[in-house]
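Comments concern the structure below.
The values are calculated or read from the model by the stated rules, or taken from the named source; none is laboratory data. From a predicted model like this one, the values you see are computed outputs, not experimental measurements. Neighbour counts run over all protein chains shown; Cβ positions are idealised from the backbone, glycine included. Protein only, heavy atoms only, side chains kept; ligands, DNA and RNA dropped before computing areas. Shrake-Rupley method; radii C 1.70, N 1.55, O 1.52, S 1.80 Å.
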Amino acid sequence: GAVIDAELAAGERVGPFRIVGVPGKSPGEVALHDPERRLLILGDAAIGNPPGRLSLLPDRAMDDPAQLRSSLRRLLELDFDAVLVGDGAPILEGGRERLRELVAAFAPG
């Protein structure tokens, strides 16, 4: 995932980005959100595979799969169009809709 200085906390800003906590994947996992450019950088919270879609790494690669799914659901509250991922193909347009599709496939809860 994104390696960020441990002193950065959710809600803080780094340049144009706001730090967003994404608990559940790995300790300290964060996303970076640039609302002005409508850009979300996800690290490994979700991957761009197959190209043009978002998916999850296997549950065994997550600290807490249910918490990660909840974190991803909360990311839908953000305004973004492009999604850059740590693994797989970036989604340069329609990224929020691709994340909505991923979240819709989760079991309820």
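Return the pair list, or none, for Cβ contacts closer than 8 Å from residues in the range 64-81 that are closer than 12 Å to Ala46 by Cα to residues that are assigned to a helix (DSSP H, G or I) and open to solvent by less than 60 Å² (accessible area, probe 1.4 Å), at least 6 apart or on different chains.
Qualifying pairs under 8 Å: Arg69/Val103; Leu72/Leu99; Leu72/Leu102; Leu72/Val103; Arg73/Val103; Leu75/Leu99.
Being among the hydrophobic types (A, V, I, L, M, F, W, C) and over 22 Å from Pro23 (Cβ atoms) is the filter here, so list the residues in the range 75-109 that pass it.
Once the filter is applied, which keeps residues that are among the hydrophobic types (A, V, I, L, M, F, W, C) and over 22 Å from Pro23 (Cβ atoms), the range 75-109 yields Ala82, Ala89, Ile91, Leu92.
Can you name every residue in the range 91-101 that is open to solvent by less than 70 Å² (accessible area, probe 1.4 Å) and over 11 Å from the mean Cα position of the chain (by Cα)?
Matches in the range 91-101: Ile91, Gly94, Arg98.
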